[in-house]
Structures are given as C-alpha cells and as structure tokens.
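A short write-up of the structure that comes next.
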Amino acid sequence: MGDKPPPPGNQALSSRGNDSAMFESLSDRLEGVFKNLRGQGKITEANVKESMRDVRMALLEADVNYKVVKDFLGRVQEKALGDEVLLSVTPGQQVVKVIHDELVDILGGANPPFALETGKTNIILMLGLQGSGKTTFCGKLARRFVREGWKPMLVACDIYRPAAIHQLHVVGEQAGVPVFSQGTDLPAPTIAKAGVERAKADGCNLVIIDTAGRLHINDVLMDELVAIKGGVHPTFTFLVADAMTGQDAVVSASTFNEKVGIDGVCLTKMDGDARGGAALSIKSITGKPVKFIGVGEKLEDLQEFFPERMASRILGMGDIVSLVEKAQEHFDEKEAMDLQKKMRSATFTLQDFLNQMQQVKRMGPLKGLLEMIPGVGSALKDVDLPEAEMKRTEAIIQSMTKAERDNPSLLNGSRKARIAKGSASTPADVNALITQFEKAREMMKGMMKMQERMKSVGMGPDGEGNARGASFTGAGMSNSDRDKREKRKSFEKKMKQQKARRNRQKKK
C-alpha cells in the first residue's frame, strides 16, 4: 500500500519468548530476606530495620531509582512497625504483604486493562529512541488487536531510515495487517495524516503510527513528533523503551513526557532484564504507567502489564491469572471437551498426546510456565527440566504413521526399528514411550471414573453435591472424625489467642 518497500535486507527474526528471567536477580535477593522474616516468631524494630537494609541493597542492585527506593522503604518501614503488623499472629507474613502492596503501588497501582475506544478510529502514536524495538513493537500491538477483532493499519513515518520502512512492511505481513508508506521524500507529519485518512477510507478502526527514532534525544526529533501529534490527535501516545537500559529508559520517558506528552510506556526486552529497575522506577518518576511489555522477539511475545501480577512474580508468589490467560489463548475449548471424552473412554491416542505437547510448547518454555505457579519458581531455580526429553518424545511420535499413533498395538519389532531410526532414538526409547503412554492412559481412565463416582455421591467439584448437603472436603467423614477436626480447630484458635495476648503483655 503506497510506495513499494525498498529491497529486502537481512532480517534476523529469531525468537526467545522466555519471560522467566524477568526480575530474576531481584527475586533471588528478596527471597532470602523473606525467608528470614517468615521464620521470626516475633517481629521487632531491629528485625524490620535489618530487613529493610537488605531490601534497599536488593532494589539498588536492581537499578531502581534511588529516590524511588528511599520513598518505598520509608512507607514499608512505617507500616511494618505499626501495631497491626507487630501484634499479628503471623508478623513475618504481614511484613511480606506490606512489601507486596507497596511494590504494586510503585509499579503502577490500580492499572485497569487496556481497552480501545469503540465507535471511532483509534490512533496509537509510537515514540522511542533508535534501537528500542519500536517498529517490531508496532507489529506486536497490531497482532494483539487483530486477535481481539480490531482492524489495524500500520503507518510508516520513519523517513530517515529506509530499512525501517521495509521492516514495518515485513512486520505488517507477519501480523496480517496492511501497511501504509509514502517513501522518504514527504515530511513525516504529512505521511501520518495521509495514513489516517487512508485507514478511515479502507474501514480500519485502528491506526498504529511508527515514528523515527534517534540515537539520542534532540530538538529536531521532538519538534517532528509534536507536529505529528498535533496533526493526527492520537487516542494514545506510547513511548517504547529498552528495559535493559535501566535508568536511561526512565530518563528518556521523563524527557518524552515533558516535550511531547505520553500516556504510557511499553518496555521491550523484558525477557532479558533480570534486574527490572526501569519497570520499578518509571511510574514513580514520570507519573505514567507501564502498559505493555515485550518478552521475546516473536510477534506473539507481548504481555499487558499488570502491577499486582508483576509484584507477585517478583516476590515468588507466581502469577496464576496470566497462566490461565495463556492457556485460554492457546487451548481450544471444543478440543478440550473432546479430549475429556477420550480420556473417559480410554481412547486417548498418541496423536492427542502430541497435540497437547505442541499446545503447551506454544505457550512458552516449560520452566517459565511452571514459575507462574505459586511456590514453584524458587523450587525450580536450579532444576533442569526435561525439555530435550520432550523433543525426543515428539520426534518419536512424529515418526509414526497415523494408524500407529491411533493404535500402538500395531508396533512390532520392525516398525519400532523404523521409528527409532527416523527419530534418532533407539527401539528401547520407543518401547519406554509406549509403556508410559499405556500406563498414563489407564490411570486417566481410572481418574475419570473416580470423578464420576464422586459426582454421583455429591462430592463433585461442580457444586451439585453441595446442593444435597455434601461437600468435597466433608463428604465421607464420620461424625467422630468431624468432631475431632472441630476440637482441633478450636484448640489451635485458643493457642493463637493466648500467644497474641502474651505478646501484647510483653510489649507493655
């Protein structure tokens, strides 16, 4: 659309897509602090001050702005030394909660999900320095909104770097969206206006404008961006910054906000930023929230930034909500229901198993997924997960015919030898896979039958049993068992009350 792009260059579009490195260094340091706090039966002012010194060092080493660290620790220490924490039954846990709440605040606080405005043509103006990943980020946003049912158009306004125009055309083709460009002869504000008019004429309801970057901030760049913004009146103006540049990204955000005005920040390369200083400083310094983060080089490697979820991940509490969202994005509900029926009837095949493996792989590296489960991240820190074993299993199944995948009993010695040769494995590996698969299939069938029996007696997790007065935790217990459980709960409650009373007396 518009002028044809320049001849293609050497585009290296590799992919990592692994967000498990985010805040890794900071998480490791804070984990030791919290372990000591949770082990304290009683929290004193000395305990808190010692812990705050460790937290301060952890945040400064993570390249968090000094003023942000100072204000953060002041608020945490004030709340941690309050009666609500000191007199708590679990003071260590309460301090961790205070730190979590304050982390949420400096990361952006209540940050509602990003939503475009319906009934109009939305315009997103993307700003940033050269090398920040701005052009690729435009494609990531376009891909995201295509999935949400929008019709985006990309507009190339970087007239100083012809390769940038071609890169945007490549990215647009990958994202499945049209790209408007008019070469490098016309002024950028003119191209931006023409792009918006073309988008409206073509029925596009979202325009994403890629502007020129510079190696450093200068008045010429700022004047051009101000002219573009004044000409198209964008719905949102986002700055794209490299998370790995730390406080330089914060300085850039402050300058762009002062000179041009921005609505939020998009951080790239978060998958390689083990410290996270930029993300932890930007909101406090600029007053503008982080809206999106890039966690890999593929167009799918984009996440919306939610402060509460990110704070939980920093503190090793996992991120179940994001994990569920990833699963919903990559797993088809109808396929899941069909698979459940197959598991119930033990007709689950090797092809089904392969499909499940491939769907999990599309969600990202296994270690990154497991780290979203509370308590699992720190346990897996030094564990090598069997990624290579999964690849071998995938190769073995792919070396089988459709009939063999559907009916493994067809596999005789010669077939197993052929499969082993085709998958660079051994017949023993093939035998081991078949044995494990048969055992797993029988186990799944048994679990499904057990679930059905539980539902029939009112113990099902769907709530039907509760209507008949039975619950999953209480069903099947005798009256004496219930009495013992209630007495134990009552005793534990009295002990906690006595302990709290003694602590208050000691303080007096």
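The values are calculated or read from the model by the stated rules, or taken from the named source; none is laboratory data. Please read all numbers here as calculations on a predicted model, not as lab measurements. A quick note on method: Cβ atoms are made from the backbone with ideal geometry, for glycine too, and the neighbour counts reach across all protein chains shown. Surface areas here come from the heavy atoms of the whole protein model, side chains and all, with no ligands, DNA or RNA. Shrake-Rupley method; radii C 1.70, N 1.55, O 1.52, S 1.80 Å.
Which residues, taken from the stretch 156-178, are buried (at least 21 other Cβ atoms within 10 Å of the Cβ) and acidic (Asp, Glu)?
Asp158
Which of the residues spanning the stretch 192-211 are surrounded by fewer than 22 Cβ atoms within 10 Å (Cβ to Cβ) and among the small types (Gly, Ala, Ser)?
Residues satisfying the conditions are Ala194, Ala201, Gly203.
Could you tell me whether the stretch 117-129 includes any residue that is modelled with pLDDT of 85 or more and charged (D, E, K, R)? Full working, then the answer.
Of the residues in the stretch 117-129, the ones modelled with pLDDT of 85 or more are 117-129.
Checking the rest, the ones that are also charged (D, E, K, R) come to 117, 120.
Yes, that holds for at least one residue.
Restricting to helices (runs of 4 or more DSSP H) lying wholly in the stretch 370-455: which have 3 or more residues that are within 30 Å of Glu24 (Cβ to Cβ) and at pLDDT below 85?
Working: elements: 376-379, 387-398, 402-406, 413-422.
Passing ranges, in order: 376-379, 387-398.
Test Ala142 against the criterion of being outside any strand (DSSP E or B), open to solvent by 50 Å² or more (accessible area, probe 1.4 Å) and of a type in the set (A, V, I, L, M), and give yes or no.
On the way: outside any strand (DSSP E or B): yes; open to solvent by 50 Å² or more (accessible area, probe 1.4 Å): no; of a type in the set (A, V, I, L, M): yes.
It is false that Ala142 is outside any strand (DSSP E or B), open to solvent by 50 Å² or more (accessible area, probe 1.4 Å) and of a type in the set (A, V, I, L, M).
Can you confirm whether the stretch 160-183 contains a residue that is assigned to a strand (DSSP E or B) and farther than 18 Å from Lys200 by Cα? So that I can check it myself, show each step before the final result.
So in the stretch 160-183, the residues assigned to a strand (DSSP E or B) come out as 179-182.
With the extra rule that they be farther than 18 Å from Lys200 by Cα, the set shrinks to none.
No: zero hits.
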